1. So, restricting to helices (runs of 4 or more DSSP H) that lie completely within the stretch 154-268, which ones have at least 3 residues that are more than 12 Å from the ligand (Cβ to nearest atom), more than 30 Å from LEU32 (Cα to Cα) and aliphatic (A, V, I, L, M)?
2. Residues of the stretch 160-193 being crowded, with 19+ Cβ neighbours inside 10 Å, more than 13 Å from ALA132 (Cβ to Cβ) and touching a helix residue (DSSP H, G or I) at 6+ places or on another chain (Cβ under 8 Å), which ones?
3. With the condition kept exactly as written, say whether any residue in the stretch 224-242 is within 21 Å of ALA63 (Cα to Cα) and touching a residue at least 40 places away in the same chain (Cβ under 8 Å).
4. Before we move on, is GLY175 small (Gly, Ala, Ser) and at pLDDT 95 or above?
5. Kindly provide the set of residues from the stretch 224-253 that are closer than 30 Å to ALA84 by Cα and surrounded by fewer than 17 Cβ atoms within 10 Å (Cβ to Cβ), ordered by number.
6. Looking at LEU87, LEU32, LEU60, which one is under 20 Å from the mean Cα position of the chain (by Cα) and at negative phi?
Amino acid sequence: MNRPVAHLVGVLGWPLDHTLSPTIHNAAFRRLDLDWIYLPFPVPPESLGDALKGMRALGLRGANVTMPHKESVVAHLDALSGDAEELGAVNTIQEVGGRLIGHNTDVDGFTAFLASDAGLSMEGKSALVMGAGGAARAIVRSLDHTGATEIVVACRDVAKAAWVDELSGKARAVGWADAEEAAGVKDLVVNATPLGLGGEDALPGARFHRGQAVVDLIYSAGNTPLVTRARAAGADGWGGLGMLVHQAIASFRIWTGQDPPAQVMSAAALHALGGIRHKRDDTDS
Ligand code: NDP
């Protein structure tokens, strides 16, 4: 007699040194007593097509997709949902009757983070988005949908931000030199660059004040210098863990049809982040 087989999902990325996604999802599967397993799949760019064929052959129920595959994976899928199609980027694959459907839960993840963690309505508000990569696209789409009236995207190479006009009539791209001034006057500032990962302040000249919200998409056990400085100036400051957990919640719902325990996911991520920080400290010493 065939024994029931666990449902398998995972994350495709390269490299995948410090991914928190297996920890977050497996904690939720355990808490809900679901027979699902989430594994990391380090896949180099030249093997992405083979990995997708493997997913189909092995009957994986889905996968997350992270750097550098979010855009290149589109060519290997059977269909895209709304946000994924609009952004040309996928972070979640769902298997439905042998077909692989691409979704983008970064948009909903940021929207849910703003509403439920930050308690911030963007209706009639302005925003600065630092960076013009994949995460910035998702943030701009979320801000456009949640009522922001002005969205400024600051980037080093404005030519790389041609997508801004296409994605939102309320958004415009400016050069990096304009970021500091904009940061002082917008209601919301979002760092969607890797600046800060090395402990540096992503925008040292920015002057924040009470009434603003500053979100650094980088997730770490402690606050980044940008968030620390924003809070010291009286602004609300948030790291990227909230968005990470909310995009994971959306992926989980797509795969299982169930609501995962958000607190369990957050606690598991925080615990793992502490471990990652300690490992890095050990390596540094
Ligand atoms: P991308 O590589 O797609 O984009 C990075 C952007 O940052 C590019 O516009 C790049 O500009 C810019 N950038 C890089 N270095 C600098 C610099 N020194 N000065 C100014 N701009 C710079 O990455 P993603 O958009 O996917 O991710 C961005 C950050 O957001 C990462 O730290 C990632 O970990 C985080 N993230 C967090 C999520 C969460 O859930 N919390 C979800 C997704 C991302 P250029 O093109 O000129 O190099």
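The values are calculated or read from the model by the stated rules, or taken from the named source; none is laboratory data. Treat the numbers as computed from the prediction; the structure is a model and nothing was measured. Counting neighbours? That spans all protein chains shown, and the Cβs are built from the backbone with ideal geometry, glycine included.
1. Working: elements: 163-167, 179-183, 225-232, 241-256.
Passing ranges, in order: 225-232.
2. Passing the criteria: LEU188, VAL189.
3. Looking for residues that are within 21 Å of ALA63 (Cα to Cα) and touching a residue at least 40 places away in the same chain (Cβ under 8 Å), one finds at least one in the stretch 224-242, hence yes.
4. On the way: small (Gly, Ala, Ser): yes; at pLDDT 95 or above: yes.
Yes.
5. ARG253 - this is the single residue of the stretch 224-253 that is closer than 30 Å to ALA84 by Cα and surrounded by fewer than 17 Cβ atoms within 10 Å (Cβ to Cβ).
6. Numbers: LEU32 fails: under 20 Å from the mean Cα position of the chain (by Cα); LEU60 fails: under 20 Å from the mean Cα position of the chain (by Cα).
Residue meeting the stated conditions: LEU87.
Residues are listed down the side, and each one gets a yes or a no for (1) touching a Leu at 6+ places or on another chain (Cβ under 6 Å); (2) crowded, with 19+ Cβ neighbours inside 10 Å:
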position: ARG31; (1), (2): no, no
position: LEU39; (1), (2): no, no
position: PRO44; (1), (2): no, no
position: SER47; (1), (2): no, no
position: LEU60; (1), (2): yes, yes
position: VAL74; (1), (2): no, no
position: ASN91; (1), (2): no, yes
position: LEU100; (1), (2): yes, yes
position: VAL107; (1), (2): no, yes
